[in-house]
């Protein structure tokens with residue numbers, strides 16, 4: 001049995017981009033899918049089969065972990081192809097599939113890419129009618145309805161999908177429900193997939209100080225917080241579409257992470273590590289363990305963090321163990337928005353103090369902010385701009401609020417009123433978009 005774990009190409013046309021000298025440059029709109037919590041499209045200066053390093057490119061975490069798990073547990077001949085990392089054309093992709101003739105293709109998708117991905121599945125089914133598809137990712141929150149949206153879908157696997165894919169390969173049809181790895185299973189799992197072609201292609205330039213090639217990894221799965229727009233904690237590592245359920249967190253052991261990172265660095269020569277956990281610093285204990293690992297590894301590192309989940313002195317410990325920078329999600333500069341729309345449970349004044357402490361110990365700071373939230377006013381968005389200006393940021397990300405299935409924001413669109421988000425409302429000022437980059441572009445165009 002031949003099984004392909006595939007992150008297919010995603011191209012969305014061309015445009016002429018105005019240059020400062022008055023000329024125009026041809027650019028190509030492309031997407032990132034697996035590995036991105038909010039899949040989106042953006043412009044690239046190069047087209048299909050013309051890969052260049054430097055644009056944002058996340059490692060497809062769930063896909064990579066599931067591929068090596070499948071190879072070990074099923075005995076199948078497993079292949080992995082990240083066409084996004086290769087910036088592969090459709091012609092090259094289909095040529096590869098026709099040469100290899102896989103019985104199964106495992107594909108991760110979400111609403112920003114699903115209309116496109118349905119077309120890819122249909123074209124593969126036309127060329128290779130005996131190939132069966134196992135669809136994973138947030139899009140599976142649609143349940144059984146998804147099975148009829150594209151040909152030859154045997155199963156949709158909800159949540160993280162190591163064990164669910166095995167069930168589908170063993171004959172399960174339809175919706176394969178959540179079956180998450182236990183902590184013991186996580187710590188005995190094979191390391192996620194890398195190879196010589198894709199290993200050095202992944203790129204996240206923030207927080208500042210990255211050295212490339214860069215390894216993007218997870219030291220944990222899940223987050224207990226319930227931000228209205230956050231997708232993976234609601235759909236992949238827990239099943240909590242309305243923010244009223246329980247969300248679990250599982251952290252890898254220090255021994256597993258040390259072995260994994262040591263192998264990565266020795267085999268591929270990575271010069272920095274980025275921990276892209278939903279929230280890396282959930283408690284001093286886990287951070288202390290990872291700091292000890294990174295001291296042994298002696299490789300610069302950075303992480304996605306919250307401002308309020310470790311003691312004040314832990315930022316210095318992170319810096320001393322080689323951490324050069326962190327990302328912090330603030331989301332808004334208005335406390336009412338943070339409390340009643342986002343439900344982030346973050347004190348903005350305390351977060352400001354932490355931001356200055358991060359800078360005091362000598363780390364770079366990247367802040368993330370979300371605009372166009374349901375119920376958010378123009379004045380509240382200006383509060384966010386003012387708050388951003390008050391922080392010692394080295395870089396920042398302004399995202400349009402994306403509505404992706406399985407997250408509480410998507411549920412709000414069906415129920416209009418949710419207890420955990422009393423200030424959230426889809427009024428006439430709210431714009432519904434699944435692609436956050438497109439949304440922020442439209443918001444800027446309206447302001448111009």
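Which percent, to the nearest 5, of DSSP beta bridges fully inside the chain are antiparallel?
Values: 14 of 60 bridges.
If I count the DSSP bridges inside the chain, around 25 percent turn out antiparallel.
For segment 2-185, what is the percent of antiparallel DSSP beta bridges, rounded to the nearest 5? Write down the numbers at each step before the final one.
On the way: 11 of 33 bridges.
Percentage antiparallel, nearest 5: 35.
When only C-alpha pairs under 8 Å and at least 6 residues apart count, what is the relative contact order of segment 88-212, in percent? Before the final figure, lay out each step's value.
Working: 148 pairs, mean separation 21.7, N = 125.
Here the relative contact order equals 17 percent.
Can you give the calculated 222 nm mean residue ellipticity of the chain, where each DSSP H run of n ≥ 4 adds -39,500 (n - 2.57) and the sum is split over every residue, rounded to the nearest 500 deg cm²/dmol?
Details: 14 runs with 145 residues, N = 448.
Roughly -9500 deg cm²/dmol at 222 nm, from the helical runs in the chain.
Among 170, 206, 340, determine the one that fluctuates most according to a GNM of the chain built with springs between C-alpha atoms less than 10 Å apart.
170
Here are several values of percent of Cα pairs over 30 Å apart: (1) 53; (2) 44; (3) 47. Which one was derived from the coordinates shown?
(2)
Just need the relative contact order of the chain here, percent rounded to a whole number, with Cα pairs under 8 Å and 6+ apart. Can you show the working numbers first?
Numbers: 965 pairs, mean separation 60.7, N = 448.
Once divided by the residue count of the chain, the mean separation gives 14 percent.
Taking every DSSP beta bridge that has both residues in segment 204-447, what percent is antiparallel when rounded to the nearest 5? Walk me through the numbers before you get to the answer.
Working: 2 of 26 bridges.
If I count the DSSP bridges inside segment 204-447, around 10 percent turn out antiparallel.
Can you work out the FRET efficiency for the pair residue 95 and residue 425, with r the C-beta to C-beta distance and R0 = 51 Å, to the nearest 0.05?
Numbers: r = 49 Å, r/R0 = 0.96.
Rounded to the nearest 0.05, the efficiency is 0.55.
With labels modelled as points extended 7 Å from the Cα through the Cβ direction, what inter-label distance (nm, one decimal) is found for residue 442 paired with residue 173?
3.9
Using 0.36 nm times the number of residues separating residue 191 and residue 395, minus their current alpha carbon distance, what extension gain do you get? Each step should come with its number before you reach the end.
On the way: separation 204, 0.36 × 204 = 73.44 nm, distance 3.18 nm.
Additional length available on full extension: 70.3 nm.
Sorted from fewest to most neighbouring beta carbons within 10 Å, what does the list 359, 296 look like? Walk me through the numbers on the way to the answer.
Details: 359 16, 296 13.
The order, fewest Cβ neighbours first, is 296, 359.
Can you give the FRET efficiency for residue 414 and residue 349, using 1/(1 + (r/R0)^6), R0 = 41 Å, r = Cβ-Cβ distance, to the nearest 0.05? Intermediate values should be presented prior to the final figure.
Numbers: r = 35 Å, r/R0 = 0.85.
The computed FRET efficiency comes out at 0.70.
In which sequence would 65, 142 go, from the one with the fewest C-beta neighbours within 10 Å to the one with the most?
Details: 65 23, 142 17.
If I rank by nearby Cβ atoms, fewest first, I get 142, 65.
Using a/c under 1.5 as the rounded threshold, could you call segment 233-358 rounded, prolate or oblate? The axes a ≥ b ≥ c are square roots of the C-alpha gyration tensor eigenvalues, and prolate needs a/b larger than b/c, oblate otherwise. If you can, show how the numbers build up before the last one.
Numbers: a/c = 2.37, a/b = 1.48, b/c = 1.60.
It comes out oblate by the Cα gyration axes.
Can you give the relative contact order of segment 204-447 as a percent, counting alpha carbon pairs under 8 Å and 6+ residues apart?
Working: 488 pairs, mean separation 52.5, N = 244.
Computed value for segment 204-447: 21 percent relative contact order.
Pull out the extension gain between residue 386 and residue 1, defined as 0.36 nm times the separation in residues minus the alpha carbon to alpha carbon distance; nm, one decimal. Don't skip to the end; give the middle numbers.
On the way: separation 385, 0.36 × 385 = 138.60 nm, distance 5.73 nm.
Stretched fully, the residue 386-residue 1 segment lengthens by 132.9 nm.
FRET efficiency for residue 361 and residue 46, Cβ-Cβ distance as r, R0 = 30 Å, nearest 0.05?
Values: r = 39 Å, r/R0 = 1.29.
Given R0 = 30 Å and the Cβ-Cβ separation, E is 0.20.
For the pair residue 284/residue 115, report the inter-label distance in nm, with labels modelled 7 Å from Cα in the Cβ direction.
Taking the two extended label points, one gets 5.1 nm.
Only the coordinates and a few stated rules stand behind these numbers; no lab work does. None of these values were measured; they are calculated from a predicted model. Ideal geometry is used to build each Cβ from the backbone, glycine not excepted, and the neighbour counts take in all protein chains shown.
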